[in-house]
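J.: Sharing a structure here in structure tokens format.
Just so it is clear, none of the values below were taken in a lab; they were calculated from the coordinates. This one's a predicted model, so the numbers in the text were calculated from it and none came from an experiment. Please note: Cβ atoms are built from the backbone with ideal geometry, for glycine as well, and neighbour counts cover all protein chains shown.
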Amino acid sequence: MPIYSYSCPRCSKKVEIIRSMNEVDDPVACDQCGERCEMEYSTFNVDIWEPFTTCNILPDGQPVTIKGRGQLRQLEAEHGVKWLNKDLAPETVPPFKAPED
């Protein structure tokens, strides 16, 4: 279920409530002063993946276009390669390394 954020216009207390989408318009009272809270609209975290082509995964340096993290993880497992830096920003092209024998 989604988490909705509300704030009290009187005392500025912030409240986060887990509720179904059917309940989103139900009133929320401030537990500090009793005033009806107003919903706050916020952004959410989205992992945007920029497709890229690499020749460092498939045998014989064949190019492959990676379109998502699931495909990358599957190719890593199938061909024994490792993504060296898992903390890179999604918009950067991750380096690959052949497994050491």
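J.: Rounded to the nearest 0.05, what FRET efficiency is calculated for ILE3 and TRP49 with R0 set to 30 Å and r the Cβ-Cβ distance?
T.: E between ILE3 and TRP49, to the nearest 0.05, is 0.80.
J.: Give, in nm to one decimal, the length gained when the segment between GLU40 and ARG73 is fully stretched (0.36 nm per residue of separation minus the Cα-Cα distance).
T.: Working: separation 33, 0.36 × 33 = 11.88 nm, distance 3.65 nm.
Length gained, GLU40 through ARG73: 8.2 nm.
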